[in-house]
Amino acid sequence: EKLMNGTIVPATPEPLSPACSHRLWPEIENTVMEQVAMAKLGVGECGAGWQLFAEDGEMKMYRREEEMNGLVVDPLKAVHVVKGITGYELCHYFFSPQYRYDWETTLEHMVVVETISEDTIVFQQTHKRIWPASQRDAVFWSHMRKLSDDQDTEGPGLWAVVNKSTELPNYPANAGKCVRVYLTVCLLCQTLVNPPKNGGPVTREDISCKITYCSVVNPGGWAPASVLRAVYKREYPKFLKRFTAYVINQTKDKPITF
Ligand code: 16C
């Protein structure tokens with residue numbers, strides 16, 4: 001930028017996330033970069049062994065059977081395309097605590113433990129019990145951000161929410177009746193715009209969103225493998241269908257937010 005007196009000043013850099021001075025920041029930064037890079041890879045590109053286990057219209061869900069110390073930790077990767085909503089809108093409803101009980105059916109209780117900044121929150125959640133295992137809880141940071149889209153720098157870009165388990169002295173693991181689960185979750189959303197032929201304003205008819213949802217949950221303690229696999233085969237498709245339908249419903253009469 002050239003000032004009136006002729007001085008050249010560099011263009012304003014992208015503002016840093018307000019969470020950048022927090023103790024968790026280096027981990028958040030590294031995890032977001034790693035998770036987004038993984039999410040961008042197609043199932044064919046990110047290692048062998050992905051099996052399709054659920055399909056419904058545009059939605060496809062893959063898992064890889066994996067165990068760690070005798071516990072099922074199968075990674076999940078889901079892709080979906082949904083009409084009428086943007087990546088920002090999906091991420092906003094996924095990230096924001098005030099909507100969580102509306103769409104998260106496995107949830108029993110949620111507490112915001114720390115608000116690090118507008119885009120970074122630490123949660124404690126208790127989930128419904130799966131018989132015959134013990135009830136589970138999770139403590140995780142959640143971070144939402146806009147990413148630059150390499151293919152289309154002028155476009156609405158990419159939005160992501162990354163959730164990752166963390167430790168908090170005030171919420172020790174396995175202290176009460178719950179066993180602590182350890183999760184790493186990434187929701188990556190790319191808005192696709194079909195410019196209207198008449199040159200008119202973009203409506204919800206002209207937009208869609210390509211979603212990638214990746215998740216790894218370590219159950220943290222004993223749970224029968226067959227029960228666990230049966231539960232996630234039912235619960236992940238239910239989550240993605242219900243959550244996307246919820247966002248469509250919430251936004252249908254609101255202006256589009258990119
Ligand atoms: O990503 C999702 N939700 C986010 C906001 O809540 C966040 C939470 C992830 C929760 C991860 C699962 C925690 C354990 C759940 C226990 C299962 C309860 C099922 C009750 C059925 C009556 O990232 C959307 C998450 C969608 C969750 C699908 C269910 C995944 C089950 C994975 C197996 C967990 C091991 C449980 C061992 C008993």
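The values are calculated or read from the model by the stated rules, or taken from the named source; none is laboratory data. Just so you know, these numbers come straight off a predicted model, no measurement behind them. Don't worry about glycine lacking a Cβ; one is built from the backbone with ideal geometry, like all the others, and counts go over all protein chains shown. Side chains are part of the model used for accessible areas, which takes the heavy atoms of the whole protein and leaves out ligands, DNA and RNA. Shrake-Rupley method; radii C 1.70, N 1.55, O 1.52, S 1.80 Å.
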(message) Residue by residue through the range 67-84, what is 3J(HN,Hα) from phi via Karplus (6.51 cos²θ - 1.76 cosθ + 1.60, θ = phi - 60°)? Round to whole Hz and write x for glycine and proline.
(response) 10, 9, 6, x, 9, 5, 10, 3, x, 10, 9, 10, 10, 7, 10, 10, 7, x
(message) What's the longest uninterrupted piece of the chain once you rule out the trypsin sites (Lys or Arg not before Pro) that are loop residues per DSSP with at most 15 other Cβ within 10 Å?
(response) 24-127
(request) Using only Cα atoms, find the angle between the long axis of helix 25-40 and the longest principal axis of the chain, and express it within 0 to 90 degrees, rounded to the nearest 10. (result) 90
(message) Can you compute 3J(HN,Hα) from phi for each residue in the range 221-227, using the Karplus curve 6.51 cos²θ - 1.76 cosθ + 1.60 with θ = phi - 60°, rounded to whole Hz and x for Gly and Pro?
(response) x, 3, 7, x, 4, 5, 5
(request) Multiply the residue gap between Val193 and Ala37 by 0.36 nm, knock off their C-alpha separation, and tell me the result in nm, one decimal place. (result) 53.9 nm
(request) May I ask which residue of Trp222, Gly42, Pro26 lies farthest towards the positive end of the charge dipole of the chain, with charges of +1 (Lys, Arg) and -1 (Asp, Glu) on Cβ and the Cα centre as origin? (result) Trp222
(request) Return the sequence-ordered ³J(HN,Hα) values of the range 246-255 in whole Hz as given by the Karplus equation 6.51 cos²θ - 1.76 cosθ + 1.60 applied to θ = phi - 60°, using x for Gly and Pro. (result) 4, 5, 4, 5, 5, 9, 4, 9, 10, x
(request) As a check on your grasp of the helix formula, calculate [θ] at 222 nm for the chain: sum -39500 (n - 2.57) over DSSP H runs of n ≥ 4, divide by the residue count, round to the nearest 500. (result) -7000 deg cm²/dmol
(message) Distance between the C-alpha centers of the range 237-258 and the range 16-46? Whole Å please.
(response) 24
(request) Multiply the residue separation of Leu52 and Ser117 by 0.36 nm, subtract the distance between their alpha-carbon atoms, and state the gained length in nm to one decimal. (result) 19.7 nm
(request) Stick to Cα atoms and the Kirkwood definition of Rh, then tell me Rg/Rh for the range 114-208. (result) 1.19
(request) Note down the Stokes-Einstein diffusion coefficient of the chain in µm²/s, whole number, using a Kirkwood radius over alpha carbon pairs, 20 °C, and 1.002 mPa s. (result) 108
(message) On a 1.4 Å probe surface of the protein chains, which of Trp131, Trp50, Trp103 comes out largest in accessible area, and what is the full order?
(response) Trp131, Trp50, Trp103
(request) Taking 7 Å along the Cα-to-C-beta vector as the label spot, tell me the Trp25-Gln98 distance in nanometres, rounded to one decimal. (result) 2.8
(message) Would the range 70-141 count as rounded, prolate or oblate if I go by the C-alpha gyration tensor, calling it rounded below 1.5 in a/c and otherwise prolate when a/b exceeds b/c, oblate otherwise?
(response) oblate
